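Structure first, commentary second.
The values are calculated or read from the model by the stated rules, or taken from the named source; none is laboratory data. If you're wondering where the values come from, they're calculated on a predicted model, not measured in any experiment. All Cβ positions, even for glycine, are placed from backbone atoms using ideal geometry, and neighbour counts span all protein chains on display.
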């Protein structure tokens, strides 16, 4: 008989963010399939608000470690909190969101409890009395199905693979798990946060649309000239108006090291495909991209894919996009920006 623990951390306002709520959905479904006991574990400065947020999820117990020492993302205190929760209930399956905070401590907790761990999992399935997890390898070209007899089994799920929990809030009883924090654990402190202004932020994981810029933006246009400054203005105007997330093909982000004209706001953090990220946005719009397979791999989990390219025989025209606009991306995006400006003005 499995005992499932979903372990999450609260945000600065005491609530659970989207990645944590996705874990609640997965854990609830898995508990029903396995007919297993479901327990919730929460860590943060305050956790009662988060407990009430998921009070109707079906967990039989809500365990929490809270206090000022647990408001920060810090290995020493987080690993001690997670270990204390796990030792109190001896779970066989521990499911956590793949956030930077929990990914940092997951291996340490598994080692302390002599368990196994798998990260970047995209789904958990149960069939023929066997529990399996799946994840992608080799730049998201190969899917692997993994099974373990080792317990406890710690599983970190990537965000964006499941719907977040949307149950009604209520009131649930919180069982406080005591953790005595040693002074040496407090050596690491968060002194502040640095983030770009909202209108300069280009990576938005929860955006409805992923806008991908290809190397064509920095190449010679039909008039024989390069228009990088104009390209920069068009792209940034679109990102501000639409609040889309920005992606870039490898050929574009690599240009900075090749002495070619570049878009100054584009970095390797924006890269998708090949060794870049594999985003999971509902919709995607690719512009000035060649559409070769390495780039398309990065779009594997985009639900609706559209592209703008002057070449009707580009890779996107061969079935890799749901819609292909054979047009000049500069002209199309200028018109789109004009329409967005009118809409935003009327709103």
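Can you name the number of the only condition in (1) in contact with a strand residue (DSSP E or B) (Cβ under 8 Å, 6 or more places away or on another chain); (2) more than 19 Å from residue 306 (Cα to Cα); (3) surrounded by 15 or more Cβ atoms within 10 Å (Cβ to Cβ) that residue 214 fails?
Answer for residue 214: the failing condition is (2).
In segment 103-126, how many residues are part of a strand (DSSP E or B) and closer than 19 Å to residue 162 by Cα?
8
Just to be sure, is residue 117 in contact with a strand residue (DSSP E or B) (Cβ under 6 Å, 6 or more places away or on another chain), within 24 Å of residue 188 (Cβ to Cβ) and in contact (Cβ under 8 Å) with a residue 24 or more places away in the chain?
Yes, satisfied.
So residue 240 fits all but one of (1) surrounded by 18 or more Cβ atoms within 10 Å (Cβ to Cβ); (2) free of Cβ contacts under 8 Å to residues at least 60 places away in the same chain; (3) touching a helix residue (DSSP H, G or I) at 6+ places or on another chain (Cβ under 6 Å); what number is the exception?
Condition not satisfied by residue 240: (1).
Go through (1) farther than 28 Å from residue 125 by Cβ; (2) touching a residue at least 40 places away in the same chain (Cβ under 8 Å) one by one and return the number of the condition residue 2 breaks.
Result: residue 2 fails condition (1) only.
Would you call residue 202 in contact with a strand residue (DSSP E or B) (Cβ under 7 Å, 6 or more places away or on another chain) and part of a loop (DSSP other than H, G, I, E, B)?
Criteria met by residue 202.
Within segment 184-191, is there a residue that is over 30 Å from residue 43 (Cβ atoms) and without any contact (Cβ under 8 Å) to a residue 12 or more places away in the chain?
no
If residue 228 satisfies all but one of (1) touching a residue at least 40 places away in the same chain (Cβ under 8 Å); (2) surrounded by fewer than 17 Cβ atoms within 10 Å (Cβ to Cβ); (3) out of contact with any strand residue (DSSP E or B) (no Cβ under 7 Å at 6 or more places or on another chain), what's the number of the condition it fails?
Residue 228 satisfies every listed condition except (1).
Can we say residue 206 is crowded, with 18+ Cβ neighbours inside 10 Å, out of contact with any helix residue (DSSP H, G or I) (no Cβ under 6 Å at 6 or more places or on another chain) and under 19 Å from residue 278 (Cα atoms)?
no
Residues of segment 327-347 being at pLDDT below 90 and under 23 Å from residue 281 (Cα atoms), which ones?
Within segment 327-347, 343, 344 qualify.
Restricting to segment 289-308, name every residue that is crowded, with 16+ Cβ neighbours inside 10 Å and either outside the structural domain of residue 216 (by TED's automatic domain parsing) or at pLDDT 85 or above (or both).
302, 305, 306, 307, 308
Answer yes or no: is there a residue in segment 68-83 that is without any contact (Cβ under 8 Å) to a residue 40 or more places away in the chain and part of a strand (DSSP E or B).
Taking every residue of segment 68-83 in turn, none turns out to be without any contact (Cβ under 8 Å) to a residue 40 or more places away in the chain and part of a strand (DSSP E or B).
Being surrounded by 18 or more Cβ atoms within 10 Å (Cβ to Cβ), out of contact with any strand residue (DSSP E or B) (no Cβ under 6 Å at 6 or more places or on another chain) and in a loop (DSSP other than H, G, I, E, B), is that true of even one residue in segment 32-54?
Scanning segment 32-54 turns up at least one residue that is surrounded by 18 or more Cβ atoms within 10 Å (Cβ to Cβ), out of contact with any strand residue (DSSP E or B) (no Cβ under 6 Å at 6 or more places or on another chain) and in a loop (DSSP other than H, G, I, E, B).
Here's a check for you: in segment 63-88, which residue that is surrounded by fewer than 20 Cβ atoms within 10 Å (Cβ to Cβ) and out of contact with any helix residue (DSSP H, G or I) (no Cβ under 6 Å at 6 or more places or on another chain) is nearest to residue 133 (Cα to Cα)?
87
Please work out which residue is surrounded by the fewest Cβ atoms within 10 Å (Cβ to Cβ), limiting yourself to segment 130-151 and to residues that are touching a residue at least 24 places away in the same chain (Cβ under 8 Å), in contact with a strand residue (DSSP E or B) (Cβ under 9 Å, 6 or more places away or on another chain) and not in a strand (DSSP E or B).
150
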